[in-house]
Amino acid sequence: MDAAALKVAADTVWVLITAFLVFWMNAGFALLESGLCQSKNAVNILAKNFIVFAISSLAFWFVGFGMMFGDGNAFVGLNGWLLAGVDNSPAMAADYKGVFTSLNWTGVPLEAKFFFQLVFAGTAATIVSGAVAERIRFISFIVFSFVLVAVIYPIAGHWCWGGGFLATAAQGSKAFFRDFAGSTVVHSIGGWAAIAGVMILGPRNGKYRKDGSVQPIPGHSMALATLGTFILWLGWFGFNPGSTMAADVAGIASVALNTNMAAAAGCLSATAVAWKVLGKPDLSMILNGTLAGLVAITAPCYWVGPGSSIIIGLLAGVLVVFGVLFFDRIHLDDPVGALSVHLLNGIFGTLCVGLFASRNDVAGLFFGGGATQLLIQIKGALAVGAFVFAVSAACWLLIKVTLGIRVSPEEELEGLDKGEHGMEAYPDISFIASLTRSDGQGARP
Amino acid sequence: MDAAALKVAADTVWVLITAFLVFWMNAGFALLESGLCQSKNAVNILAKNFIVFAISSLAFWFVGFGMMFGDGNAFVGLNGWLLAGVDNSPAMAADYKGVFTSLNWTGVPLEAKFFFQLVFAGTAATIVSGAVAERIRFISFIVFSFVLVAVIYPIAGHWCWGGGFLATAAQGSKAFFRDFAGSTVVHSIGGWAAIAGVMILGPRNGKYRKDGSVQPIPGHSMALATLGTFILWLGWFGFNPGSTMAADVAGIASVALNTNMAAAAGCLSATAVAWKVLGKPDLSMILNGTLAGLVAITAPCYWVGPGSSIIIGLLAGVLVVFGVLFFDRIHLDDPVGALSVHLLNGIFGTLCVGLFASRNDVAGLFFGGGATQLLIQIKGALAVGAFVFAVSAACWLLIKVTLGIRVSPEEELEGLDKGEHGMEAYPDISFIASLTRSDGQGARP
Amino acid sequence: MDAAALKVAADTVWVLITAFLVFWMNAGFALLESGLCQSKNAVNILAKNFIVFAISSLAFWFVGFGMMFGDGNAFVGLNGWLLAGVDNSPAMAADYKGVFTSLNWTGVPLEAKFFFQLVFAGTAATIVSGAVAERIRFISFIVFSFVLVAVIYPIAGHWCWGGGFLATAAQGSKAFFRDFAGSTVVHSIGGWAAIAGVMILGPRNGKYRKDGSVQPIPGHSMALATLGTFILWLGWFGFNPGSTMAADVAGIASVALNTNMAAAAGCLSATAVAWKVLGKPDLSMILNGTLAGLVAITAPCYWVGPGSSIIIGLLAGVLVVFGVLFFDRIHLDDPVGALSVHLLNGIFGTLCVGLFASRNDVAGLFFGGGATQLLIQIKGALAVGAFVFAVSAACWLLIKVTLGIRVSPEEELEGLDKGEHGMEAYPDISFIASLTRSDGQGARP
């Protein structure tokens, strides 16, 4: 085996293992979201987060990958269905784009690149799940997820990563929209799709009192929520460093470190702000602060150093606490804080490329962020946001008038587990609760 | 370091990391099985699934590996005890078989290959655990697990993977029994050992009513069960792609993708069938459908494409739902669905090599499945099944008449956690339950 | 890309992936510790174990790494703050120490090595968390953790791994203190810091009765504790094999196997001893026995074979059971058994280098353990222990007289979750408990 083939082997191992880590984030979202919701809806949330990756797998294989990375125009890819061999996905390393000759690949195999892109697409869909939890119909979520991964995500993704109009520099310029691992492409797309759903669904019954004040609805298991966040932190070591798509020595080490420092800083600043504002260090804020730092570093992680990463994380942690309070104030009911984590910090992270970038990219070209780049980042974030929000809203509305989008008030009160799935997550607890009531109906908080 | 040594390094890193992922499946089985059983037996199931890998580690090191991969005859290996240097394990890559010279290995070190094979052997034993749960004695399970990993699994494994009679082509033929990552070797062996145990143990008290109808006994935590299944899905990215035993670029990317597509398809078809047949999308069926797809793709994963993988997964997901209903109808009480997942789909996956294989193997030899291959697969599945079932049944019977196999009816009612381990998994819940009863005994569902 | 660059790529991939696995141990400690404590303190323990890695990340980046691996004297490193390029960390492979030239590294990048060392430093801090659980103030734990990772751990670590006086052979000798992956550096440092805290904090109220007998306080979720231990076992495959800091083929395979065999043996011997001594196979002893085996093999794992590893594990498993009973007898209240696992077995494992080492190290130098080496190991363990215990005790005392170290008796009774964080881990359970009491206050075990 020659050195070129060994390079391909190392790159492929790296791409696959980091993809496995990103796949693992599905478990993280499932636990975080179910932990932060009520036990009567736990089966439903777990089922949604589990099945959504299965749906994503088929949707992205049939059409999504082709629309995102196929040959086409500035707005959409138009071939490559069923993984038919077309591939315009971004090459972070020069020899990334593979061709199969006899028994060997001259670059990372298409199957590996597809799988890596698939786990990213799946992540965007799981982000929606949390924000619409505890009142959405199971079938309606499934249908929306399919459309998101098959059509909406790939089109916007094509713009940024598939050779579309945002990925192309204006003539005579080296500057184009940059989003290394997806603050915009994954997180803000998920966030825009989610906010459209939250607006059309409306809040959970009882969340906002008649006087407009907020009735907190605590989650049922902080152990699940914490474990979920640990899983996400771990998974991000696949998400960001894997986006090099190659065992690019300088890149992967630096990106891994930056990712960690932003997460740590986000954790600490959110803790401090929550302690100050809410009076005590609320664990859900500690967790969401970490995720905020991770989302924010995702776009700029390749082009900054650990010092900048810490600053980005600190700002993200502050942003998420005030974000959670803000969305509650405007009565957008997001049970898990997904809008603050993924939408706000997805946008913020995208802008950080302009604000903080200071390192050359992998090709050695000077790349220093700056005002021009910041403007490009703002335009890109707005373009993606406008498109995803509009199409998602249309899609949610269509679902609303056809399938129906929301469970009945009775089912919402009793819990979606019984209504949608005919089962309970923790039968012991329900049984014991039933013993405490003379009518035998049980009390469920 | 020259290219040959670098190749060995890449292969060894790949084998070890995928082995770690397969080790992680122990946690998946522990959570899936305990989640699908009652809380009064959770400590017992967790303890069984934890200790079984420790037992496997010693059993396989002392004798198992030698019987499986030692030099011997067509039926059993007869040397290589205590990892003494003998190794006839399958080389999926030409340079797989290593020799230690001075400070370097010319191939993947024996320790790495042993460790990889060990985590597979451990998986077979954990499969048994779920099927016999909630009524087996702790010590009896330990003894059976030791025999399974020390003797039964290695002998049948020798036939398929260690140079035994199933692994050898008839003269003038290239066709022999093929099981890439163990639909037969790991999953159906586990399944056959389990069904023998289930038959000899009998069902849990109260599972089948006097009129023959089924009394459902719901599991105590769908959160644990779902997390367990996520872990297993992740672990399978070690199980199947790691079975290349080399950083074989084309192989590992293709196998990883096929594994995922079959899992996704199994998830969706089981969901659809359960929705239709049971009226609602039952989460335990969603989970078991995914596992069914994973088990079924395990044998053919190297020789099919993603399209075939989807079809295999779809069929597996259908099979598992009807399998669960079927085993209940014939009163084989399997609390977690292990027989439907591992036995039925282990056999089905083995046959899929004949039905769907269409890609050359790593040596570039044409390999197209077909009727001849299908016949070989059927014969192999039957031979392994007959042997494992007969010897396992004899072993279970011997345990029954010596140690005793089943806890007392009183202990079964109270829960094995108190009886076998003198402790409880969730003391809070028991305590609260006790408060709801005037007699202070507590009520446990 | 030439062979040298490929070697660096393979090494860097290995270092990063194993570092990710060690990072994952944070989740393991969080679940193990919260599972073995009461539900009313679960949020607090989860929060401590989550935030401690964030604190460690900043502390080790600002000053810790410099004090540990900077240029300095025999006692402490004195430069390299903010990862400024200095690096005297141990090179297990000759080409480990990297220099950045143009776009490439000639060895593993400093960022990767820093990240690997950071996750180790974080582990030391999480060990403390369990021992002081259920009565320490949140802020006080945070402050101590910062000091531990910023100052105490790096200084003692400098002695052993950073070129300090323990890492240097006497003139004319090849013998120096050896601790491959940190039985002393990570586990006993964590253990010594913990025992100082336990002594100064005092036991939980109600743990020891007036007659001196022990009132057991069972943990609230054996499912969390078991999952946590599985995570730790998995993480150790990063901890020990990753400490080669290179894709050193013979080393990583051997170390991975040894690590597993010691864990398995520790699991089985602790089970057997607990069964004999306590009457039943207690699951918490099964788990702690496994961890004991893992801690004990950590120092000698590179220089022994699997047979010795089994013996080391067997002894460690015995040691941990009697250790738990011993610490309870002398009224050092350690809710999770951290002192027995990390302190006792950290010391024991360190001595095992002298007792069992029989293999050459990576440079091919003969290294056979023996009496001289054993003496060196004893001296090193004592030196580190005396320093860490003394400085930790001083630090805990300083915290006690300034911030206060312990929550109020009322808060301890009600649980730290409400007192420190204003929330509960499982609101359902509290709510149901409240229904069983006429006064509406709820009963919490």
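Annotation note: Cβ proximity below 8 Å between a residue of the stretch C:168-183 that is under 13 Å from C:Gly354 (Cα atoms) and a residue that is basic (Lys, Arg) (sequence gap 6+ or interchain) occurs for C:Phe177/C:Lys379. Selection over the stretch B:257-297 of residues that are of a type outside the set (S, T, N, Q) and closer than 17 Å to A:His421 by Cα gives a count of 19.
Taking the conditions (1) under 30 Å from C:Glu420 (Cα atoms); (2) surrounded by fewer than 23 Cβ atoms within 10 Å (Cβ to Cβ) in turn, C:Arg359 satisfies each one other than (1).
Please indicate, with yes or no, whether at least one residue in the stretch A:68-88 is over 20 Å from B:Gly305 (Cα atoms), in contact with a Phe, Trp or Tyr (Cβ under 8 Å, 6 or more places away or on another chain) and at pLDDT below 80. Within the stretch A:68-88, none of the residues are over 20 Å from B:Gly305 (Cα atoms), in contact with a Phe, Trp or Tyr (Cβ under 8 Å, 6 or more places away or on another chain) and at pLDDT below 80. Taken as a whole, the condition of being at pLDDT below 95 and in contact with a Leu (Cβ under 8 Å, 6 or more places away or on another chain) does not apply to A:Gly289.
Kindly evaluate A:Gly235 against the criterion of being touching a His at 6+ places or on another chain (Cβ under 6 Å) and part of a helix (DSSP H, G or I). No; evaluated as a whole, the condition is false for this residue. Of the residues A:Gly354, A:Gly349, the single one that is modelled with pLDDT under 95 and of a type outside the set (D, E, K, R) is A:Gly354.
Of the listed requirements (1) away from every other protein chain (no Cβ under 11 Å); (2) touching a strand residue (DSSP E or B) at 6+ places or on another chain (Cβ under 8 Å), A:Val249 misses just one: (1).
Here B:Thr259 clears all of (1) in a helix (DSSP H, G or I); (2) in contact with a Phe, Trp or Tyr (Cβ under 7 Å, 6 or more places away or on another chain); (3) within 7 Å of chain A (Cβ to nearest Cβ) except the condition numbered (3). Report yes if some residue within the stretch B:274-286 is more than 10 Å from chain A (Cβ to nearest Cβ) and closer than 18 Å to B:Leu21 by Cβ; otherwise report no. Among the residues of the stretch B:274-286, not one is more than 10 Å from chain A (Cβ to nearest Cβ) and closer than 18 Å to B:Leu21 by Cβ, which makes the answer no. Taken over the stretch B:294-311, the criterion of being crowded, with 24+ Cβ neighbours inside 10 Å and in a loop (DSSP other than H, G, I, E, B) is satisfied by B:Ala299, B:Pro300, B:Cys301, B:Tyr302, B:Trp303, B:Val304.
Condition check ((1) buried (at least 24 other Cβ atoms within 10 Å of the Cβ); (2) over 22 Å from A:Val277 (Cβ atoms)) across all residues:
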| position | (1), (2) |
| --- | --- |
| A:Gly313 | yes, no |
| A:Gly317 | yes, no |
| A:Val321 | yes, no |
| A:Phe326 | no, no |
| A:His331 | no, no |
| A:Val341 | yes, no |
| A:Leu344 | yes, no |
| A:Cys352 | yes, yes |
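Output yes when any residue across the stretch A:254-270 is without any contact (Cβ under 8 Å) to a residue 40 or more places away in the chain, small (Gly, Ala, Ser) and closer than 18 Å to C:Ala19 by Cβ, and no when none is. The answer is yes; a qualifying residue exists. Would you say C:Ser254 is out of contact with any strand residue (DSSP E or B) (no Cβ under 7 Å at 6 or more places or on another chain), closer than 23 Å to C:Val318 by Cα and in a helix (DSSP H, G or I)? So C:Ser254 fails the test. In the stretch C:67-87, the residues that are of a type in the set (Val, Ile, Thr) reach residues that are part of a loop (DSSP other than H, G, I, E, B) with C-beta atoms within less than 9 angstrom, at least six apart or across chains, in these pairs: C:Val76/C:Gly70; C:Val76/C:Gly162; C:Val76/C:Gly164; C:Val86/C:Gly70; C:Val86/C:Asp71; C:Val86/C:Asn79; C:Val86/C:Gly80. Output yes when any residue across the stretch A:43-57 is in a helix (DSSP H, G or I), under 21 Å from the mean Cα position of the chain (by Cα), farther than 30 Å from C:Phe431 by Cβ and more than 11 Å from chain B (Cβ to nearest Cβ), and no when none is. No, because not a single residue in the stretch A:43-57 is in a helix (DSSP H, G or I), under 21 Å from the mean Cα position of the chain (by Cα), farther than 30 Å from C:Phe431 by Cβ and more than 11 Å from chain B (Cβ to nearest Cβ). The sole residue among C:Phe239, C:Phe177 that is within 14 Å of chain B (Cβ to nearest Cβ) and not charged (D, E, K, R) is C:Phe239.
A search for C-beta distances below 6 Å between a residue of the stretch A:1-23 that is at the interface with chain B (Cβ under 7 Å from one of its Cβ atoms) and any residue that is part of a helix (DSSP H, G or I) and of a type in the set (D, E, K, R), counting only pairs 6+ apart in sequence or on different chains, returns A:Met1/B:Lys7. The residues in the stretch C:162-190 that are surrounded by 24 or more Cβ atoms within 10 Å (Cβ to Cβ) and not in a loop (DSSP other than H, G, I, E, B) can be counted, and the count is 9. Of all the numbered requirements in (1) surrounded by fewer than 24 Cβ atoms within 10 Å (Cβ to Cβ); (2) part of a helix (DSSP H, G or I); (3) hydroxyl-bearing (Ser, Thr, Tyr), A:Tyr153 misses one, and that requirement is (1). Scanning the stretch A:191-217 for residues that are outside any helix (DSSP H, G or I) and in contact (Cβ under 8 Å) with a residue 12 or more places away in the chain yields a total of 9. Among the residues of the stretch C:262-293, those identified as in a helix (DSSP H, G or I), more than 23 Å from the chain's Cα centre (by Cα) and not β-branched (Val, Ile, Thr) are C:Ala272, C:Ala274, C:Trp275, C:Lys276, C:Leu278. Each residue in the stretch C:58-80 was checked for being away from chain A (no Cβ under 12 Å) and either in a helix (DSSP H, G or I) or small (Gly, Ala, Ser) (or both), and 11 pass.
The values are calculated or read from the model by the stated rules, or taken from the named source; none is laboratory data. Not measured: the values here are computed from a predicted model. In this analysis, Cβ positions are derived from the backbone assuming ideal geometry, glycine residues included, and neighbour counts consider all displayed protein chains.
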